[in-house]
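Undergrad: The structure is given below, and queries will be raised subsequently.
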Amino acid sequence: MSQTAISFPGARDTGTHAEEAVAGTSLWRDAWYRLQRNKLALSGLVFFLAMTLACGLGPLFTGYTYERTELSLKASAPLQPIIERVGARKAGEPRRDGIALSTLEDEFLDKPEADRQAIAGKIAHGDTYRDSRYTYQLTSRRHLFGTDALGRDLLTRVLVGGRISLAVGFAATLVSVIIGVLWGAVAGFAGGKVDLVLMRVVDVLYALPFTVIVILLMVTFGRNFILLFVAIGAVEWLTMARIVRGQIISLKHQEFVEAAVSLGLSERRIILRHLIPNVLGPVIIYTTLTVPDVMLLEAVLSFLGLGVPPPMSSWGALLDDGARTMETSLWLLLFPALFFSSTLFSLNFLGDGLRDALDPQSSKD
Amino acid sequence: MSRFLELNELKTYFPIFLGTVFRRAAGTVKAVDGIQLDLEKGEILGLVGESGCGKSTLARTVMQLIRNTGGAVYLEGRNLSELNPRQVRAERPNFQMIFQDPYASLNPRMTVHDALAEAIQTRGKLRKAVLTQKIAELLTTVGLPPNQMRRYPHEFSGGQRQRIAIARALAPEPKLIIADEPVSALDVSIQSQIINLLLRLCRERQLTMIFISHDISVVKYISDRIAVMYLGRLMEIGPAAAVVETPLHPYTRALVSAVPIPDPIRERARQRIILQGDPPSPLDPPSGCVFHPRCPYVKEACKRARPALEEKLPQRRAACIRIGEI
Ligand SMILES: Nc1ncnc2c1ncn2[C@@H]1O[C@H](COP(=O)(O)OP(=O)(O)OP(=O)(O)O)[C@@H](O)[C@H]1O
Ligand SMILES: [Mg+2]
């Protein structure tokens, strides 16, 4: 859609044809270009999206469910060959249990040492072994990340745990952003006594030992998933409120807001068109940095045994389990830790990149 | 018949508070303290004074961005300071302001098109095509290529931004424009372009303008009359050339004497009147004539009574009791 040709003598225009409308680049698009040039932030974004996708859809494709236990497997190490032990057929289907090759010898404890090794070696070679009760045979089945002490597939549990951790991270952040932005914006707009009261409330809440309060909440009301992120969100909104209030106050005295008032625009329009778009940058930055914060807090709660109730998993809960058995089965700690920390890193890189990209100071003059 | 714009004993005081929880008034800053001023339609009034003398506060008060503490602002006979906020809002398109800093006065998230569309439509919604046409005309008027209207403020230079700000001020078709130091943030080379643009626009559109500056030579060039302000009050007002060439008030003399003269012979003969000390705090203004602590001609009577702004010569008024003697 180009405008009708209008002549404008004396207009100096470099390059483009005079009647062709020149599209401007908004600060948002500028910021996006800058973000794209920041390799670390961009890989953070890509990694984080990939992680979200993997946690969201991955559990459908692992072939295991997060809650099915297989006690015979015990904590089997990653990629251990799995031996299938098929029980004698009585009525209906025979019972099938998996046993990790490393613990196979324990199956034959009633036999002499030498026999045990020979049997295990045979099975490992692919021979089927039959005794009075069971049939043993090598399977092609593997657990990429191994299994936990109850024989549950660790990969599936890590991915499902990621779902919970990310969901808690986002939901709690959303709660904190909504409360924080509204609280801060009202305080900043209204000023005076309203501001004084609202911000004093924030100061008082800041001073409380909030982790302790969240713990008390969880102890009194039980380990409830909804309560978990409401509780965390309630802690995290304070800083957001302060940031937004500061931004709104400094914007209120900007000349472009005075110009908008001078035009006789409605307060609604001034807030929606002039103030909100200009506080969005800091809000977005702080939001990306709040998500990892919240996830960390969730992990702390899980570590204290106040996280999601089993058999549900979260990265925090998995870390807790893993830390208990790290002398014997390090992988139970290693994989959740790897997933958790890499996600936190990617979010922090993304947040830092966004800060650089959206910071008006770094924009071109 | 009433004047186009009349400021009647206009006062704007800022209460100063101390403490946060138990706030208590610690005094008042009398930023604008009894300004009496009339403007004819189509007139350009230059307002000069040192930093902190209350020029911007006066501008914001006339604009009703700050409501005045006392006195009244009459625009075409209507007392703006009596209107409720709703009524003021409805009047706002009639008077517009151009701000000092073109980097702060444009919303960084809005294109030129959107900013101007918003300003134009304060007079009622328009069809898209008509609107775009109007925006293009406005940009042409202020000397910007209309094909740049989809751009954002950060894509323009300071001078171009000030042109955009001028276009925005013109958009609601105001009758009164207040320009608060519109060129002091700009390069010297661009200042004259902007000043000439403002001058041309005022003449073409019969606009009334209050042009604020601390540079008396700029003000002399653009204004019909000059008003000199000191510590919230008017010291002198009169025709531009007369005020600069034969200043009446000692303060105006000091201001004028500080301006270099382009002619080297006369420049050598120029005698600078150096004022002693800093301007006093508006929190605690001196008794009598507020200028007396720095005035070279001060006498006892100056410290007692505040002199009125009186007609000393035809069309020339000054607030000083010693004008006949010095
Ligand atoms: N919101 C406010 N609250 C308290 N005092 C204020 C406020 N705004 C201005 N003042 C005071 O009023 C006085 C006049 O300020 P104003 O900005 O009008 O001066 P100015 O002549 O425009 O100066 P400059 O040339 O530096 O722009 C100053 O002493 C200033 O400190
Ligand atoms: Mg000022």
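The values are calculated or read from the model by the stated rules, or taken from the named source; none is laboratory data. Treat the numbers as computed from the prediction; the structure is a model and nothing was measured. Reconstructed Cβ throughout: ideal geometry from the backbone, glycine too, with neighbour counts over all protein chains shown. Note: accessible area is taken over every heavy atom of the protein model, side chains too, but ligands, DNA and RNA are not part of it. Shrake-Rupley method; radii C 1.70, N 1.55, O 1.52, S 1.80 Å.
Undergrad: Per the Kirkwood treatment, what hydrodynamic radius in Å, one decimal, follows for the stretch B:110-182 from the mean inverse distance over all distinct Cα pairs?
TA: 12.3
Undergrad: Between the stretch A:123-137 and the stretch B:159-181, what is the separation of their alpha carbon centroids in Å?
TA: 92
Undergrad: So what's the gap between the Cα centers of the stretch B:280-326 and the stretch B:37-89, to the nearest angstrom?
TA: Spelled out, the Cα-based centre of one part sits 24 Å from the other.
Undergrad: If I take every Cα pair under 8 Å that is 6 or more residues apart in the stretch B:176-278, average their sequence separation and divide by the length, what percent do I get for the relative contact order?
TA: About 18 percent, as a whole number.
Undergrad: Which of B:PRO264, B:PRO102, B:PRO282 moves most in a GNM of chain B, Cα contacts under 10 Å?
TA: The residue that fluctuates most here is B:PRO264.
Undergrad: Check the straight Cα-Cα distances from B:LYS175 and name the lysines below 16 Å, setting aside those fewer than 8 residues away within the same chain.
TA: Once the sequence-local lysines are set aside, what remains near B:LYS175 is B:LYS41.
Undergrad: Could you tell me the accessible area of A:ARG200 in Å² (1.4 Å probe, neighbours in place), rounded to the nearest ten?
TA: 100
Undergrad: Return the residues of the stretch A:219-265 for which accessible area with all protein chains present is lower than in the chain on its own by 30 Å² or more; set the probe to 1.4 Å and exclude ligands, DNA and RNA.
TA: A:GLU255, A:PHE256, A:GLU258, A:ALA259, A:VAL261, A:SER262, A:LEU263, A:GLY264, A:LEU265
Undergrad: Also, quick follow-up: Would you work out the Kirkwood radius for the stretch B:35-119? I mean one over the mean of 1/r across all pairs of different Cα atoms, in Å.
TA: Hydrodynamic radius (Kirkwood, Cα only) of the stretch B:35-119 equals 15.1 Å.
Undergrad: A further question follows. Quick one: pull the percent of accessible area on the protein assembly as shown belonging to carbon and sulfur, 1.4 Å probe, ligands and nucleic acids left out.
TA: 58
Undergrad: Can you give the accessible area of B:GLU311, probe radius 1.4 Å, in Å² rounded to 10?
TA: About 120 Å², rounded to the nearest 10.
Undergrad: In addition: Let me confirm one metric for peptide B:140-146, namely the mean number of other chain beta-carbon atoms within 10 Å of its residues' beta-carbons.
TA: 5
Undergrad: Reachable aspartates and glutamates from B:LYS220, Cα under 15 Å, same-chain residues fewer than 8 places away excluded?
TA: Qualifying aspartates and glutamates at Cα under 15 Å: B:GLU43, B:GLU181, B:GLU236, B:GLU245.
Undergrad: Can you list the residues of the stretch A:27-41 that have at least 10 square angstrom less accessible area with all protein chains present than in their chain by itself, probe 1.4 Å?
TA: A:LEU27, A:TRP28
Undergrad: With a 1.4 Å probe, what is the total accessible area buried between chains B and A, in Å² rounded to the nearest 100?
TA: The contact between A and B buries close to 3500 Å².
Undergrad: If A:LYS122, A:LYS193, B:LYS30 are ordered by their accessible area, calculated over protein heavy atoms with a 1.4 Å probe, which sequence runs from highest to lowest?
TA: From most accessible down to least: A:LYS193, A:LYS122, B:LYS30.
Undergrad: Related question: For B:121-130, what's the mean count of beta carbons from other chains sitting within 10 Å of each residue's beta carbon?
TA: 1
Undergrad: Same structure, new question: Rounded to whole Å and ordered largest first, report the semi-axes of the equivalent ellipsoid of the stretch A:198-351 derived from its Cα gyration tensor (root of 5λ).
TA: Listed largest to smallest, the semi-axes of the stretch A:198-351 are 41, 18, 11 Å.
Undergrad: Return the Rg/Rh ratio of the stretch B:198-326 with Cα-based radii and a Kirkwood Rh.
TA: Radius of gyration over Kirkwood radius for the stretch B:198-326 works out to 0.99.
Undergrad: In whole angstrom, how far apart do the alpha carbon centroids of the stretch B:206-279 and the stretch A:315-341 sit?
TA: Each part reduced to its Cα centre gives a spacing of 79 Å.
Undergrad: For the full complex of protein chains and a 1.4 angstrom probe, list B:ILE164, B:ILE326 by accessible area with the highest value first.
TA: B:ILE326, B:ILE164
Undergrad: Per residue Cα convex hull volume for chain B, in cubic angstrom?
TA: 169
Undergrad: At q = 0.08, 0.11, 0.12 Å⁻¹, work out log10 I(q)/I(0) for chain A with the Debye formula, treating every Cα as an identical point scatterer and leaving solvent out; two decimals please.
TA: For chain A at q = 0.08, 0.11, 0.12 Å⁻¹, log10 I(q)/I(0) is -0.60, -0.89, -0.99.
Undergrad: Using 0.36 nm times the number of residues separating A:LEU227 and A:HIS125, minus their current alpha carbon distance, what extension gain do you get?
TA: Gain on stretching A:LEU227 to A:HIS125: 31.5 nm.
Undergrad: Taking only protein heavy atoms and a 1.4 Å probe, what accessible area per residue, in Å², does chain B have with all protein chains in place?
TA: Heavy-atom accessible area per residue stands at 44 Å².
Undergrad: Which percent of Cα pairs goes in each bin when the distances of the stretch A:139-249 are cut into 5 angstrom slices starting at zero?
TA: That works out to 2, 11, 15, 15, 14, 12, 9, 6, 5, 4, 3, 2, 1, 0, 0, in percent per bin.
Undergrad: Here's something else I'd like to know. Regarding the protein assembly as shown, what whole-number volume in Å³ per residue does the convex hull of its Cα atoms give?
TA: 252
Undergrad: Still on this structure, I have one more. For A:LYS111, go through the lysines and keep the ones whose alpha-carbon is under 18 Å away, minus same-chain ones fewer than eight residues off.
TA: A:LYS122
Undergrad: How large is the accessible surface per residue of the stretch A:154-357, computed with a 1.4 Å probe and reported in Å² as a whole number?
TA: On a per-residue basis, 42 Å².
Undergrad: In whole Å, what are the extents of the stretch A:81-138 along the principal axes defined by its C-alpha atoms, from largest to smallest?
TA: Its Cα atoms span 35, 23, 17 Å along the three principal axes.
Undergrad: Follow-up question, since we're still on this one. Please say if the stretch B:224-292 is rounded, prolate or oblate, where rounded means a/c under 1.5 for a ≥ b ≥ c the square roots of the C-alpha gyration tensor eigenvalues, and otherwise the choice is prolate for a/b larger than b/c and oblate otherwise?
TA: Verdict is oblate for the stretch B:224-292.
Undergrad: Order A:GLU327, B:GLU40, A:GLU84 by their accessible area, 1.4 angstrom probe, all chains in place, largest first.
TA: A:GLU327, B:GLU40, A:GLU84
Undergrad: How large is the helix-only mean residue ellipticity at 222 nm for chain B, computed as the sum of -39500 (n - 2.57) over DSSP H runs with n ≥ 4, divided by its residue count, in deg cm²/dmol to the nearest 500?
TA: The helix-only estimate for chain B comes to -8500 deg cm²/dmol at 222 nm.
Undergrad: Okay, next question. Mind checking the mean number of beta-carbon atoms from other chains within 10 Å of the Cβ atoms in A:276-284?
TA: Average per residue, whole number: 1.
Undergrad: Quote the accessible area belonging to A:TRP237 in square angstrom, nearest 10, computed with a 1.4 Å probe and with ligands, DNA and RNA left uncounted.
TA: Rounded to the nearest 10, the figure is 20 Å².
Undergrad: Sticking with this structure for a sec: Hey, what did chain B get for relative contact order, percent, Cα under 8 Å, at least 6 apart?
TA: After rounding, I find 19 percent.
Undergrad: Please report the relative contact order for chain A, taking Cα pairs under 8 Å with a sequence separation of at least 6, and give it as a percent rounded to a whole number.
TA: 22
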